[in-house]
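Here, each number is a calculation from the coordinates, and none is a lab measurement. Quick caveat, the model's predicted, so the values are computed rather than measured. Positions of Cβ are generated from backbone atoms using ideal geometry, with glycine treated the same way; all protein chains shown enter the neighbour counts.
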Amino acid sequence: MDVLQQRRGVAGQDAVALSDPLSLHRRLAHWNHRRLAPSAPHADWQADLEEDLAMRRLEGMWVEAFRAQVTDRAAAAPTDVEGFVRWFEALKTSGPGQGDPLFPWLERDAGHEEMNWFLTQEAAGEAGFDDLVALSQVKVPTEAKLELARNYWDEMGRGSEAGMHGPMLERMVATLGLNPTIDDTVWPSLALANTLTAFATTRRYAWHAIGALGVVELTAPGRVSCVGAGLKRLGYPPVARKYFELHAMLDIKHSEEWIAHVLRPLVAEDPSRARWLAEGALMRLESGARCFEVYRKQLWESPERRLAAE
Ligand SMILES: [Fe+2]
Ligand SMILES: [Fe+2]
């Protein structure tokens, strides 16, 4: 087989992989788990390298196909600082998935089992905001780097283990006895984590990563305050609610600071970045919107629920 045929063969396999998002995102999720885990020297390192090449190609094809769906909307974002900030802030109300009916339902109506299923999906799809920030700040300009450092320090509980955000989520999972696994998670939730991981680990998506993380800070408070209120209504203990109640308040401040010290200086220095920041933000919100839709289908249209309602 010559090189061209080999390339066509690989492209054909990749196209098949893209047409089956469940298996694609399970593979990407398992690979991300393997490649990001601290490890020791081992004899199979060249086999890992070959797997990395194949998986990075698949990951790139996924991201590029996804980019194509938002690129026109992102190209319409203004490239002057004031215009871009207004466009970005408007995503809070009019961005994909904003105002999804899932959240008022979680706040007012969901039962224990339904809430636990939702939390398990969310926990399995969590890529670790702290590590994403750390990976995204490599070589970025000073003012943005400093803000990412302050944000990371908050993720680290400002040096106190009890205040670290990641372990706070893990304590919620352990307290409720949840068992999040890649193979029991709906594909949009895995895709959300895989997309953010691709952004943070691939330097050609550096601005996408920063746009995506910034839009999490902008939009999380609305969602997590509903989840926190739902947990309280159901009588869940404070240890299970803390992660949500903390982010309902703290991310309002994080968002203001991300806009002032990350987005503003990055766009002022190079207006061409606006488009990539916008693509990242839109792709993160689209990823969330796909999750909410599948969660609602599962929670509202499952046979058990239909039977219970009859
Ligand atoms: Fe956090
Ligand atoms: Fe935050």
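For this structure, a couple of remarks:
- Rounded to the nearest Hz, the phi-derived 3J(HN,Hα) couplings of segment 201-208 under the Karplus curve 6.51 cos²θ - 1.76 cosθ + 1.60 (θ = phi - 60°) are 9, 10, 5, 6, 10, 4, 6, 4, where x marks glycine and proline.
- Per-residue Cβ neighbour rank within 10 angstrom, fewest leading, S255, S136: S255, S136
- Under 15 Å from K297, Cα to Cα: aspartates and glutamates that are on another chain or at least 8 residues apart: D100, E114
- Extents of segment 84-126, largest first, come to 41, 23, 11 Å (Cα atoms, principal axes, whole angstrom).
- Farthest towards the positive end of the charge dipole of the chain, among the residues I252, P180, L24, is the Cα of I252, using unit charges on the Cβ of Lys, Arg, Asp and Glu.
- Listed residue (M164, A65, P41) projecting farthest to the positive dipole end of the chain, Cβ model: A65
- Ordering of 191-198, 234-241, 258-265 by packing [mean C-beta count within 10 Å, highest first]: 191-198, 258-265, 234-241
- Based on Cα atoms of the chain, Rg over Rh with Rh as the Kirkwood radius reads 0.97.
- Among K253, K139, sorting on how many other beta-carbon atoms sit within 10 Å of each Cβ, with the fewest leading, yields K139, K253.
- Straight Cα distances below 20 angstrom link K92 to the lysines K253, with same-chain residues fewer than 8 positions distant left out.
- Top positive-direction residue, dipole computed over segment 72-125 with Cβ charges, set W117, A77, A90: A77
- Evaluated with a Cβ-only charge set (Lys, Arg +1; Asp, Glu -1), segment 154-261 carries a dipole of roughly 160 debye about its Cα centre, given to the nearest 20.
- Relative contact order (percent, whole number), the chain, Cα cutoff 8 Å, 6+ residue spacing: 28 percent
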